[in-house]
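Data block below; observations after.
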Amino acid sequence: METGNLTIISLIKIGILIIPILILNKYFRIKLNKKIFYAFSRMIIQLTLVGIFLQYIFDLDSPLINTLYLLFMMTVASFSAINKCSLDWKKYVLPILLAFFLPNIVMIFYFNKFVVNLNNVFDTQYFIPIAGMLLGNSLSGIIIGVNNFYSSIKENEKKYFYVLSISANKLEALRPYFRQAILVSNNPTLASIETMGLVALPGMMTGQILGGVVPIVAIKYQIAIMIAVFIVRYFSLILAIFLTGYKAFDEYDVLIE
Amino acid sequence: MLEFKDINIKFADKVLFNNFNIKVRAGEKVLLNAPSGSGKSTLFRAFLGFQRINSGEIIFDGKKLAKNTLNYFRQNSCYVSQDVDLRNEVVSELLKEIFSYKCNKNTTIEQRKVKELFSYFDLQEDMFTKNVKELSGGERQRLGLIICILLNRKIWLLDEVTSGLDKKMKEKVVEFILKSDKTVIIISHDSDWVKNEMLRIVRW
């Protein structure tokens, strides 16, 4: 099977189909057109830049550049997580960075070496896309879980204090909030794993098939990557809660505002 | 046994305590009587380390409240808060959890004792299978009190534990607490406490 390369003309051909939507929005006075222009323009610019950048990185195929790029992505992910969780970045940048770093680094090398059996674990074709998928999932897992953890302690401050007063043990008093955070963060992943293939074809698999890979190989990659994603997401969150937890409470176990 | 010494607590907009002093002897029953908003609950919270004091000392069994003595304070006291802040959970599970905490592991609960307390405080045994959310305010208060009694600690800090109870039950609760050999500090606006002679009333 040969892959039809898309040309600019192909993109314009699909793009013109948005025009009826713009007209309908105008007709029904749905205030969406500005947003549509903004969103699609941004996407085109961002992806073009990424495309140029990735092409460059693929051509170089250098372990050092790939590692630097991964570290850069992790830093961006950390700041994004800190921002979305409304944490003080000066205080939490190191814990969150570590929470991304440890599980993702271990997984990417394990995956490339033992699952894909690559001789060169830095092989750009694998290293960059797999790292991207893993990191994206760590990010959403940490955001959901850490947010849930701290906001439910804040909301239930009195209940937390009560347990603290009868247990005299921060870890025991925090256990229910910890459990809850892990559940809330993992439930969406499990739900999407559960219905995978039934409702929609996963993005990575679709991409691989369009790129010319036979379906039976594509599903094996999909299964492997979903397992990797699940594991990395789980450990990133646990690490994020433990490492931020060291700094989030004062010496009397009270959550610092 | 317990002493609050020269306590100062200031919030941004007001001074709650200005050189406040109180001493409580072992076995004593003390009622704190002061208008709402005058910081009675804050004293309890300060004792447990949930509210920082600006200056002064809290001394319990000869130990001054600090980072390294905090656990002694928490492990030897039992606090029943105004709303009885129990986590929403099936009652029996909640009890199981509370008595599985490391510091409570040596406290054995005898089924007989639990049954006795339940019947004394007029609670049905089907409450064990209910969720905390389904309990009425008065039921929660009595459950909080029973947990406090079962934990068998030196000092009880009871914040409005009778407010949601009917007249007869109030009297029973008051009688039970005053007869116990524990040191008890009570915050309450109920008149059932005040008329009792065993009680020392501290007003400010």
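Apply the Karplus curve 6.51 cos²θ - 1.76 cosθ + 1.60, θ = phi - 60°, to the phi angles in the stretch A:213-229 and return the couplings in whole Hz, x for Gly and Pro.
With coefficients 6.51, -1.76 and 1.60, one gets 7, 6, x, 5, 6, 4, 5, 5, 4, 4, 4, 4, 6, 5, 5, 4, 4 Hz.
Starting at the first residue of the stretch A:29-45, write each ³J(HN,Hα) from the Karplus equation 6.51 cos²θ - 1.76 cosθ + 1.60 with θ = phi - 60°, in whole Hz, x for Gly and Pro.
6, 8, 7, 10, 4, 4, 4, 4, 4, 4, 5, 5, 4, 4, 4, 5, 5
Counting other Cβ atoms within 10 Å of each Cβ, which GluC sites (Glu not before Pro) in the stretch B:154-204 have at most 12 and sit in a DSSP loop?
B:E197
Sorting B:D13, A:D59 on the 10 Å Cβ count, fewest up front, what's the list?
Ordered by Cβ neighbours within 10 Å, fewest first: B:D13, A:D59.
Would you pull out the residues with amide H under 5 Å of B:Q51's amide H, same chain only if 5 or more places away, H placed 1.01 Å from N?
B:A46
Give, rounded to the nearest 20 debye, the magnitude of the charge dipole that the stretch B:2-203 has about its Cα centre when Lys and Arg contribute +1 at Cβ and Asp and Glu contribute -1 at Cβ.
Charge dipole of the stretch B:2-203: 720 debye, to the nearest 20.
Could you please rank B:I187, A:I82, A:I193, placing first whichever residue has the fewest other Cβ atoms within 10 Å of its Cβ?
Ordered by Cβ neighbours within 10 Å, fewest first: A:I193, B:I187, A:I82.
Rounding to the nearest 20 debye, state how big the charge dipole of the stretch B:117-204 is about its Cα centre with +1 on each Lys and Arg Cβ and -1 on each Asp and Glu Cβ.
Details: 15 positive and 14 negative charges, 64 e Å.
Dipole magnitude for the stretch B:117-204 comes out near 300 debye.
Picking from A:F127, A:T195, A:A218, whose Cα lies most toward the positive end of the charge dipole for chain A (charges on Cβ: Lys, Arg +1; Asp, Glu -1)?
Checking the options against the dipole of chain A, the answer is A:T195.
In the protein assembly as shown, if the dipole is taken from +1 on Lys/Arg beta carbons and -1 on Asp/Glu beta carbons about the Cα centre, which of A:L70, A:L171, B:A12 is farthest to the positive end?
The listed residue farthest towards the positive side: B:A12.
Hey, what did the stretch A:63-248 get for relative contact order, percent, Cα under 8 Å, at least 6 apart?
Values: 160 pairs, mean separation 60.3, N = 186.
It rounds to 32 percent for the stretch A:63-248.
What net charge is computed for the residues neighbouring A:I65, neighbours being all others with C-beta under 15 Å from the C-beta of A:I65, Lys and Arg scored +1, Asp and Glu -1?
So the environment of A:I65 carries a net charge of -3.
Towards the positive end of the charge dipole of chain B, with charges on Cβ (+1 Lys, Arg; -1 Asp, Glu), say which of B:C148, B:I22, B:M198 has the farthest Cα.
After comparing all options, I get B:I22.
Compute the distance in nm between two label points, each set 7 Å from the Cα along the Cα-to-Cβ direction, one at A:Q125 and one at B:S36.
7.4
Sorting A:K35, B:K29 on the 10 Å Cβ count, fewest up front, what's the list?
Ranked by crowding around the Cβ, least crowded first: A:K35, B:K29.
Residue by residue through the stretch B:125-138, what is 3J(HN,Hα) from phi via Karplus (6.51 cos²θ - 1.76 cosθ + 1.60, θ = phi - 60°)? Round to whole Hz and write x for glycine and proline.
Those phi angles translate into 6, 6, 5, 4, 8, 8, 7, 4, 4, 7, 7, 7, x, x Hz.
Quick check: net charge around B:E89, other residues with Cβ under 14 Å of its Cβ, Lys/Arg +1 and Asp/Glu -1?
+4
Any read-out appearing in this document is the output of simple, stated calculations on the displayed coordinates, not a laboratory observation. As the structure is a computational prediction, the values presented were derived from the model and not from experiment. Neighbour counts run over all protein chains shown; Cβ positions are idealised from the backbone, glycine included.
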